[in-house]
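Have a look at the structure below before the remarks.
The values are calculated or read from the model by the stated rules, or taken from the named source; none is laboratory data. Note that the structure is a prediction, hence the values are computed from the model and not measured. A quick note on method: Cβ atoms are made from the backbone with ideal geometry, for glycine too, and the neighbour counts reach across all protein chains shown. Note: areas computed on protein heavy atoms with side chains; ligands, DNA, RNA excluded. Shrake-Rupley method; radii C 1.70, N 1.55, O 1.52, S 1.80 Å.
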Amino acid sequence: MKTTKILLAGMTALLLASCGTHKTLMEQKPTPGDTPRPAADSTSHKLSYVQHISDKALYQKNVVSNLTFTVNNGRKDITVPGILRMRKDEVVRLQLLIPILKSEIGRIEFTKDYVLFIDRIHKQYVKAGYNDVAFLRDNGISFYTLQALFWNQLFIPRQQRVSEADMSQFSVDTHRLEVDGSAKIVLRDGKMTYKWVIPALWDQIAHTAVSYTSPTHGTSELSWFYEDFRPFGSKQFPASQSVEIHTPAIGQRPAKTLKASFELDGFSDAGDWEPFTTPSDKYKKVSVEEILGKLMNF
């Protein structure tokens with residue numbers, strides 16, 4: 001039971017905090033590709049390159065996959081099976097299951113209007129708007145930002161999608177272009193910096209890095225890594241995703257690093273499932289502060 005509580009807490013902490021951060025870039029194993037890199041001094045080529053990477057997004061409306069979820073709280077790894085269900089512009093849902101029995105122990109659901117966390121073990125839930133979660137509100141985090149991270153896409157904060165007219169908002173870091181052909185797409189938005197790393201000869205986003213710099217609370221950091229790209233329709237989708245979040249020390253609170261990985265298997269575009277969950281009347285609704293207070297001390 002204690003292991004289940006830690007697992008649910010770690011997953012929720014990661015996902016509720018997952019958009020205010022940046023981490024030192026890690027080496028990725030490149031796979032062959034035939035995408036020409038933009039010339040270092042060509043604005044039009046840079047824009048074309050950003051458009052090309054944007055066009056790598058999936059066409060499918062639904063993504064359903066078996067999931068192996070692992071969370072590390074700094075002391076140990078905890079792993080359980082699960083199911084990932086995503087419907088574009090509607091919901092991202094993660095269901096955690098009891099090994100072997102496969103019954104659900106927890107569910108996290110991100111929709112356009114709210115975040116829902118259901119704890120089946122303790123029969124309680126949290127349902128809150130994005131503006132009710134201070135971290136998400138203060139950093140301009142919306143459903144569409146979270147969706148883009150799970151879907152391996154470029155994004156612009158607070159926007160539903162990236163259009164062709166938006167390409168000029170991005171810049172292409174040319175420092176490594178002439179050295180090894182790798183590229184980095186960058187977007188700055190106030191105190192937030194977003195970076196998408198495309199290694200040499202790799203025609204996909206391999207790493208999304210996000211950082212939030214506060215003059216009083218230091219820099220929070222997120223890294224979201226993508227590997228093991230597999231065919232899904234006419235595109236490629238990463239079957240292996242991992243997340244690392246670092247929050248700085250503030251006052252008496254020590255710095256904290258949380259890690260999680262999502263190993264996916266058996267992609268499907270099945271749409272025969274309901275996108276939204278209504279908690280049972282037997283479940284107790286608790287506050288965001290109550291849950292987050294427990295989560296940050298697990």
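Data overview
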quantity	calculated
Net charge of Cβ neighbours under 14 Å - reference residue 109; Lys, Arg +1; Asp, Glu -1	+2
Above-threshold pairs, the threshold being 19 Å between Cα atoms, out of 76/259; 127/256; 127/285; 112/284; 123/285	127/256; 112/284
Charge context of residue 57, other residues only, Cβ under 10 angstrom, K/R +1, D/E -1	+3
Simple Cβ-charge dipole of the range 41-84, Lys/Arg +1 and Asp/Glu -1, about Cα centre, in debye nearest 20	180
Apportionment of accessible area to carbon and sulfur, the range 238-286, percent (1.4 Å)	48
Accessible area of the range 59-108 belonging to carbon and sulfur atoms, whole % at 1.4 Å probe	54
Phi to ³J(HN,Hα) by Karplus 6.51 cos²θ - 1.76 cosθ + 1.60 over the range 154-166, Hz, x for Gly, Pro	5, 8, 10, x, 6, 10, 5, 8, 9, 9, 4, 5, 8
Note, ³J(HN,Hα) from phi for the range 239-245, Karplus 6.51, -1.76, 1.60, rounded to Hz, x at Gly and Pro	7, 10, 10, 9, 10, 9, 10
Phi-based couplings in Hz for the range 93-104 (Karplus 6.51, -1.76, 1.60; Gly and Pro marked x)	10, 10, 10, 9, 10, 6, x, 6, 5, 6, 7, 7
